[in-house]
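Take a look at the structure below.
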Amino acid sequence: MGSDESILILERVKKYFPLSLGLRGKKLYVRAVDDVSLTIRKGETIALVGESGSGKTTLGRIIAGLLPPDEGRVIYRGIDLYNGNVLSKNKELRFKIQAIFQNPDTSLNPRMMIYDTLAEAIRVRNNGLTEEEVAEKAAVLLENVGLNLDHLTKYPHELSGGEKQRVAIARALAMNPEVLIADEIVSALDVSVRAQVLNVLIDVKDKYDLTIVFITHDMGLVWSISDKIAVMYLGRIVEYGDTESVFRRPLHPYTRMLLTSSPTASLIGYYRNDKYKARGEPPSPVNPPKGCRFNTRCPIARDKCFEEDPPLSELAKNRWVACHRALEEE
Amino acid sequence: MSIVLDVRNLKVYYELGNGVVKAVDNVSFQLYKGEVLGIAGESGSGKSTLGQAIAGLIRPPGRIVGGQILFKGKNLLELSESEWRKIRGKEISVIFQDPNSYLNPVYTVGFQVAEAVEAHNGGSPKHYIHKAIELLKMVRIADAPRRAVNYPFQLSGGMKQRVLTSIAIANKPELIIADEPTSALDVTVQAEVVELLLELKKELGSSMIFITHDLPLLLEIADRIMVMYAGKIVELGSSHHIRNNPLHPYTRGLLESVRYERKAKLKSIPGSIPSLISPPPGCRFAPRCPFAYEKCRKIEPPLKQVDGRLVACHLFNEGGNDG
């Protein structure tokens, strides 16, 4: 569960990617993350949810220290993660935030034995350890992610997808991090294996006292794992709140649409409202619609929604929503 | 109900350098007219190979080793490639996951839809451009006349999948095989495309085989669901039965691992999918099954009628509830 202690604060973060193609010399940008503010508290698991083009992965990379924002600040325990365009030189800071990605085949070195992959990380984190101490730490890491010593002498190609993802978790843990960004880490795995990896994540969260940013498109996973949810649409957070409260009574029409469309969510039997059956496709993040960005697909959009961009505001206690009409129509 | 497709003892093997992969191993089932049969399974279950076999698309090193596929009484396995060309795209259509690999990047989508009509009606694609626009309208592509002159790269993923769908339905097929048609799409887009597929199926009076790893999706759309594991059918029953009272331990495990509970450890199936080159003796699921006993490791369980559906598991006795 989360505490009140904020550990990561995002202040008006923006990231635009320039497109090489400009019409009549006009520069075009993909507005991947467009003015996002968010506070993440110690010990909580926050789910960043959205579909392709929502900016969730870009935001995850910014939080992980892998991508400097164009504007805004990312503050970890009072320290700026970036100095302008460059990642802070503070090494401790870099260790404390770790990321795991969807595809372990691209994040693990295929030519390194699992032991060497872990040992390298352990040595980076701890100077001057003896070989025995490194080996001991590697063994503990593997045990904590549910693998055994036999795996140490294997190469990535000898492991299954689930095992590889566990190694990726173990390597992140070698840094003794406080925050773990998990970007679609089970999306490529078969469902029966998916649960194993998520259970490992739940275990190590307790053991290492982690704060987790869990990026996913699967509402079922959000329900099962997260304390807080931030729903993103076209570079913006459109709804933020306690997961339980958002699932019971989603306020933003897009959240309602996501829950209505998602088979895993309807299997759990939470929210479903045919008024919010999916329609249309997300517009291009290069040229988002005027007014509310969701207005092209929203079943309850009215005049104001086509004129004014609704700010993220606290519509009910601890419930933040960017919608002019969320409370008027359900 | 009349039977559209009758698959009997089908075996499809891949002959690889290091052994024979028994991707589909002695599979039998029937498809009824007008129904949506969902085939659920994880990677390596054989579900896609099965779909390809029904569409006559197995290519070396794959080989159909035995069995029959009777489509309206005719054995598809005896057809020559030229006979197949008359059936595929007309009586049997296929929709795959990745529209990018099935749409030609250098032709407009309208032309490609027209070509699909021309293939079975003769003449030239040019004659069918109005028909193509009509088909694009049928799959609810907004502004179809303008879209018809677009190239695939100008369309979104959801729209490309609609174009493929319009090609698949161009000749009013009796059987539509959809292999993970929406797995690459976002869930809101998926919801719309799936709804469209079901409506078109109904309109045309076709039958559909919907292949996917997404069991929750099948529970919503399929009349019956066939669960495959390591090349075999483990359970085949109505969506209602599978959702509310799955019998096979694998079906149960699969369902439990997606029936997410709040802040609770997820139920998982231990271990991983076995090698299809040397599958375990007896029941292929036995090494991962919490209920497996001596017999399961020795004797392969046959599919038997239990409680209104078919199950391949020694835990159950024919006809009864459990054993």
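Please treat every number below as a calculation from the coordinates, not as lab data. Owing to the predicted nature of the structure, the values given are computational and were not obtained by experimental measurement. As a convention, Cβ positions derive from the backbone with ideal geometry for all residues, glycine included, and neighbour counts pool all protein chains shown.
List of remarks:
- Two-site label geometry, B:Ser80 and A:Glu131: point separation in nm, points 7 Å out along Cα→Cβ: 7.0 nm
- With a simple spin-label model that places each label point 7 Å from the Cα along the Cα-to-Cβ direction, the separation between B:Lys72 and A:Phe95 comes to 7.2 nm.
- Compactness of chain B is given as radius of gyration and Dmax, 20.7, 66 Å, from Cα positions.
- Anisotropy class assigned to the protein assembly as shown is oblate, per the alpha carbon gyration tensor with a/c at or over the 1.5 cut-off and a/b no larger than b/c.
- Using the Stokes-Einstein relation with a Kirkwood hydrodynamic radius computed over Cα pairs, the translational diffusion coefficient of segment A:1-127 at 20 °C and a viscosity of 1.002 mPa s comes to 128 µm²/s.
- Alpha-carbon geometry of segment B:97-172: the Rg and the Dmax are 10.9, 31 Å, given in that order.
- When chain A is treated as a Gaussian network with alpha carbon springs shorter than 10 Å, the biggest mean-square fluctuation among A:Lys14, A:Lys91, A:Lys26 belongs to A:Lys26.
- Contact order normalised by residue count of segment B:33-169, Cα under 8 Å, 6+ apart, percent: 22 percent
- Across chain B, C-alpha contacts under 8 Å between residues 6 or more apart give a mean separation that, scaled by the residue count, equals a relative contact order of 19 percent.
- For the options A:Glu11, A:Glu158, A:Glu51, a Gaussian network treatment of chain A with springs between C-alpha atoms closer than 10 Å singles out A:Glu158 as fluctuating the most.
- Choice from A:Val186, A:Val231, A:Val86 with maximal GNM fluctuation in chain A (Cα, 10 Å cutoff): A:Val86
- Pairwise FRET efficiency - A:Ser187 versus B:Arg8, Cβ, R0 = 51 Å, nearest 0.05: 0.85
- Charge dipole (Cα centre; +1 on Lys/Arg Cβ, -1 on Asp/Glu Cβ; no other charges) of chain A amounts to roughly 1180 debye.
- Those lysines that a straight Cα-Cα span of less than 27 Å connects to B:Lys263, excepting residues fewer than 8 apart in one chain: A:Lys42, A:Lys56, A:Lys96, A:Lys164, A:Lys205, A:Lys207, A:Lys228, A:Lys317
- FRET efficiency, B:Lys265 to B:Arg146 (Cβ-Cβ, R0 56 Å, nearest 0.05): 0.60
- Only one residue of A:Thr153, A:Val124, B:Met208 has its Cα farthest out toward the positive end of the dipole of the protein assembly as shown, where Lys and Arg carry +1 and Asp and Glu -1 on Cβ, and that residue is B:Met208.
- Viscosity 0.692 mPa s, temperature 37 °C, Stokes-Einstein D of chain A from Kirkwood C-alpha radius, µm²/s: 156 µm²/s
- Lys, Arg +1 and Asp, Glu -1 on Cβ, resulting dipole of the protein assembly as shown about Cα centre, debye, nearest 20: 1080 debye
- Descending Cα extents along the principal axes, segment A:199-330, whole Å: 51, 31, 26
- Considering only beta bridges that DSSP places wholly inside the protein assembly as shown, some 60 percent are antiparallel.
- In the calculated pair-distance distribution of segment B:167-323, the portion above 20 angstrom amounts to 57 percent of the Cα-Cα pairs.
- In a reduced charge model with +1 at each Lys and Arg Cβ and -1 at each Asp and Glu Cβ, segment B:97-172 shows a dipole moment near 220 debye about its Cα centre.
- For segment A:114-170, the convex hull drawn through the C-alpha positions has a volume of 68 cubic angstrom per residue.
- Computing FRET efficiency as 1/(1 + (r/R0)^6) for B:Glu199 and A:Asn176, where r is the C-beta to C-beta distance and R0 is 51 Å, gives about 0.40.
- Taking each of B:Lys47/B:Lys304; A:Lys91/A:Lys154; B:Lys47/B:Lys72; B:Lys22/B:Lys265 in turn, the alpha-carbon distance tops 26 angstrom for A:Lys91/A:Lys154; B:Lys22/B:Lys265.
- Helical mean residue ellipticity (222 nm; -39500 (n - 2.57) per DSSP H run of 4+; nearest 500) of chain A: -9000 deg cm²/dmol
- For segment B:222-303, the direction-averaged projected area of the alpha-carbon convex hull comes to 6.1 nm².
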